[in-house]
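Okay, so here's the structure we're looking at.
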Amino acid sequence: AQSVTQLDSHVSVSEGTPVLLRCNYSSSYSPSLFWYVQHPNKGLQLLLKYTSAATLVKGINGFEAEFKKSETSFHLTKPSAHMSDAAEYFCVVFYLYSGGGADGLTFGKGTHLIIQP
Amino acid sequence: DGGITQSPKYLFRKEGQNVTLSCEQNLNHDAMYWYRQDPGQGLRLIYYSQIVNDFQKGDIAEGYSVSREKKESFPLTVTSAQKNPTAFYLCASSMPPRGPYLRNTGELFFGEGSRLTVL
């Protein structure tokens, strides 16, 4: 079985400072990993994805994440936070053939990112 | 522009009533999904469909029903049997997998969501 843990339910940073959202996963096999962003009362939008190519993945809006197999982590970072980054962020693990939910996907419970002016 | 359209965005229902949430996509995706989102819970899969005229239960299908008569459409009915239907409902679709044994690519395209409130 696979699982994903987002280590912080809320993260608060000041505008212009770095952002770190932590995600750890558990999977018996090499998974694909995703980060999605959700603004209030909106659907989810893909930020970036890891699918066994380069371990450092760059996404939209200046975000990036590094896949560390030894640490089973896929933390999301951004060098400088912007007010528009305030949103909910979801880490998702996907195993192609089985595991997780019926769709192969397991969602983390989300991290609410707050940007202080 | 291609995308997924959910309607209505807000819906109020009295207890004992069935309601149907619409989901339409023009991305030419085969697979479509319905998720339920509650605060602090992440997303939970209700139903999914990988092809027209076929669908499977997800993790929390009780009290819900779906149909997939057209590739573009995947409506969700919240029945009176659903004991706690107040939630945010998200429809999604995914690109077809590249291999014969893959369920999907894992990359989902979401609609804007429908918020259902039971009065």
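Every number in this text was worked out from the coordinates using simple rules, so none of it is lab data. Just so it is clear, the structure is predicted and the values come from calculations on it, not from any experiment. Positions of Cβ are backbone-derived with ideal geometry, glycine not excepted, and every protein chain shown enters the neighbour counts.
Odds and ends about this structure:
- Between A:Thr72 and B:Ser7, the C-beta separation translates, for a Förster distance of 41 Å, into a calculated FRET efficiency of about 0.55.
- The mean number of Cβ atoms from other chains found within 10 Å of a Cβ in peptide B:36-43 is 5, as a whole number.
- Positive dipole terminus of the protein assembly as shown, leading residue within A:Leu46, A:Gln116, A:Cys91 (C-beta point charges): A:Cys91
- Partner shielding of B:84-90 amounts to 1, given as the average count of beta-carbon atoms from other chains within 10 Å of each residue beta-carbon.
- Max mean-square fluctuation residue, GNM over chain A, Cα-Cα springs under 10 Å, options A:Lys78, A:Lys42, A:Lys58: A:Lys42
- Exceeding the 28 Å Cα-Cα cut-off - candidates A:Lys78/B:Lys71; A:Lys49/A:Lys109; A:Lys49/B:Lys71: A:Lys78/B:Lys71
- Close amide H partners of A:Ile114, meaning residues 5 or more places away or on another chain with modelled amide H under 5 Å apart, are A:Val11, A:Ser12, A:Val13.
- Counting Cβ atoms of other protein chains within 10 Å of each residue's Cβ and taking the mean over peptide A:88-95 gives 3.
- Karplus-based coupling profile of the range A:70-86, in residue order and whole Hz: 5, 9, 6, 10, 8, 6, 9, 9, 8, x, 9, 6, 10, 3, 6, 7, 4, with θ = phi - 60° in 6.51 cos²θ - 1.76 cosθ + 1.60 and x standing for Gly or Pro.
- Net charge of neighbours whose Cβ lies under 14 Å from the Cβ of A:Gln116, counting Lys and Arg as +1 and Asp and Glu as -1: -2
- For chain A, the Cβ-based charge dipole about the Cα centre amounts to some 160 debye (Lys, Arg positive; Asp, Glu negative; other atoms uncharged).
- Unit charges on C-beta of K, R, D, E only; dipole of the protein assembly as shown, Debye: 240 debye
- Range of Cα positions in chain A per principal axis (Å), largest first: 44, 29, 21
- Whole-percent P(r), the protein assembly as shown, all Cα pairs, 5 Å bins from 0: 1, 7, 14, 18, 19, 17, 12, 8, 4, 1, 0.
- One quarter of the surface of the convex hull around the alpha-carbon atoms of chain B equals 7.4 nm², the direction-averaged projected area.
- Under the convention that each Lys and Arg Cβ holds +1 and each Asp and Glu Cβ holds -1, the size of the dipole of chain B around its Cα centre is about 220 debye.
- As a proxy for reagent exposure, ranking B:Phe12, B:Phe55 by other Cβ atoms within 10 Å from fewest up yields B:Phe12, B:Phe55.
- Summing charges over neighbours of B:Gln41, with a neighbour being any other residue whose Cβ is under 12 Å away from its Cβ, gives 0 when K and R count +1 and D and E count -1.
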